[in-house]
Amino acid sequence: TMTLTRVVWSAAALAGASSCHAFAGPPHLRPNLRAPVALAPQPTRLAPSGPKTRLAVLPGLAFPSALPAALKLKGGAGALAPLAGAGALLGTGMDRFFNEAFLGLIATVVLVRGVASVSKAAANKGGEPAEAEDAGALGLRWRFLAVFWLFRLSDWLQGPYFVEVYSSKVLGATGQGLGVDMIAKLFLTGFGTTALLGPMVGNWVDRYGRKKGSIAFAVFYALAALAVRSESLAVLFLGRVCGGIGTSLLFSAPEAWLVGEHGRKGFPGASLGKTFGLAYFGDSIAAMAAGQLAQASASRAGPAAPFTLSTVFLGLGAVLASTLWKENKREGSTTEAAGSDSGAKGASSGGAIGKAWQAMVADPRILMVGAIQSLFEGAMYIFVLQWPRALMSVAQDTGAAVPFGRAFSCFMAACMVGSSAFPWMADKKVAPEDSVSVMLSVAVAAMAASAALGHTGLGLVSAAFFAFEACVGFYFPSIGTLRSKYLPDEHRSIIMNLFGIPLNLLVVAVYLQIERLGTAGALACSTAALACSLVASLALGLTRRRDEAAQLAKA
């Protein structure tokens, strides 16, 4: 199962990012997102470690200092005034760098989507008009997206203040607060619950219904959110267990419902790929919006307020799912449930997980998809643990404070570049196995550069980070498409959760050795995982071509 983006953000703080105490855990270990939208004012509680530094002295950056004088000679002070106002809005130092990077990345998103539209129009020009998408497929897409985006927004809301909300707890009559070690245990409790109970949760979803599983996610996540208001350590741990179960449900039930419904209606596979592309494009926007909402609510009502606010969106998503979605489940699950007494249910659950495992072992293509998912997402969560420390190392020599919220906005904009490129590749009829291999090649190069660059300069390090985040944006709709193609529907949720076991083991192993590995060592582990994922994708592509050749030979 994929761990909650919020959970790994917390790990960053626990891993030693002392100057960013409000981090909250992975996608994305996101540091305290005070202002994820790049140009928004960004009040922050991070104490500056030194005087404000001009951008010209930041490593890897250089701006011509003679430009203002040249402009004065050309057009006087009046010509310079608009530029001066724009420069003040962008800020100085690292703030300016990330604001400009954000604008550039958004422009790239517009360019990619524009080129894709022009390319598609040119391909249809002079030929037969493009076939209109089925109205039923469009309706299914928007019924899914309305629920999915609300659920993802609620997930992102619980991220920015994960560590801060637990740090604020005062337990017992002694007034003792929660230390770093106890917060780490809470973090690992949620993580471990996801790993241990994921396959059983997946079986429940496949057996009793994907719609019920999606609504159950809202219930468990709401309980986890409300638990942070308690001053009881037992309740806090129970909340983390609920959060871990909710994570398993979030990353299996809605997708399984969509793919199952899509298959039952007989809609074309291209429509499903477009849905996945839109889903994760909107997810990046939801992440930035959640950061703003979390900051606004926390500034008014404390660090627990974003968690409470998330329950509103969870409730809305659950209501929409209950009214807009029809139930679907694996074939034969109705009679299976009716014929099982309480003593047989446990055996049935174990038997279903065993059958899912046998299906995985019997089909190497499923194992390859699982290897791609586990290794890529493991690398992604390791990166989430380390990018704040990497940026802090770059800024250390300059004395500048890292604007983590603005950096996070840039990462989400880079994800939008990748998710915009995915439907373009699909329209070009590029097989998802091949496009994933190209993406993973770029990801390996970007992560290797991140590990090797170290203190080389803000521009180079950030460029490597942005390239990897663009790969993240491309990855999620791609892996959704591959899972819909290769995973058997009767075991879909179980297998998706089984994929999460090696993922979680990898992240926990690196997390426990993080002080020994250091930032460069952790990123090197991430690079190795991505390289292995690339090998799995190349093997999957080779298998697909062999299968197609065999089918042609038979024909």
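Observations on the structure shown:
- Summing charges over neighbours of residue 515, with a neighbour being any other residue whose Cβ is under 15 Å away from its Cβ, gives +1 when K and R count +1 and D and E count -1.
- Förster radius 56 Å - calculated FRET efficiency between residue 238 and residue 553 (Cβ-Cβ, nearest 0.05): 0.45
- Carbon-plus-sulfur accessible fraction, segment 139-230 (probe radius 1.4 Å, protein heavy atoms only): 70%.
- Packing-based ranking, highest mean first, of 99-109, 181-191 given that Cβ atoms within 10 Å are counted: 181-191, 99-109
- Relative packing of peptides 414-421, 504-511, 319-326, 284-291 - highest average C-beta neighbours within 10 Å first: 414-421, 284-291, 504-511, 319-326
- For the listed residue pairs 211/554; 211/485; 212/355; 326/355; 265/429, the alpha carbons are over 30 angstrom apart in 211/554.
- Fraction of accessible area attributable to carbon and sulfur, segment 412-451 (%, probe 1.4 Å): 73
- If R0 is taken as 45 Å, the Cβ-Cβ distance between residue 358 and residue 516 corresponds to a FRET efficiency of 0.70.
- Within-12-Å neighbourhood charge of residue 422 [Cβ basis; K, R +1; D, E -1]: +2
- Fully extending the segment from residue 456 to residue 117, taken as 0.36 nm per residue of separation minus the present Cα-Cα distance, adds 118.2 nm.
- Annotation: extensible slack from residue 509 through residue 441 equals 22.0 nm (criterion: 0.36 nm per residue apart, minus Cα-Cα distance).
- Ordering 238-246, 481-489 by mean Cβ neighbour count within 10 Å, with the highest value first, yields 238-246, 481-489.
- Counting heavy atoms of the protein chains alone, residue 392 has an accessible area of about 40 Å² for a 1.4 Å probe.
- Each other residue within a Cβ distance under 14 Å of residue 324 adds +1 if Lys or Arg and -1 if Asp or Glu, for a net charge of +3.
- For segment 403-507, the fraction of alpha-carbon pairs in successive 10 Å shells from zero, as %: 14, 35, 35, 14, 2, 0
- For a label point 7 Å along the Cα-to-beta-carbon line of residue 430, residues of segment 440-463 with backbone N under 19 Å: 440-447
- Based on protein heavy atoms only, segment 462-555 ends up with 39 Å² per residue of surface accessible to a 1.4 Å probe.
The values are calculated or read from the model by the stated rules, or taken from the named source; none is laboratory data. All figures in this text were calculated on a predicted structure; none of them were measured in a lab. As a convention, Cβ positions derive from the backbone with ideal geometry for all residues, glycine included, and neighbour counts pool all protein chains shown. Heavy atoms of the whole protein, side chains included, go into the accessibility calculation; ligands, DNA and RNA do not. Shrake-Rupley method; radii C 1.70, N 1.55, O 1.52, S 1.80 Å.
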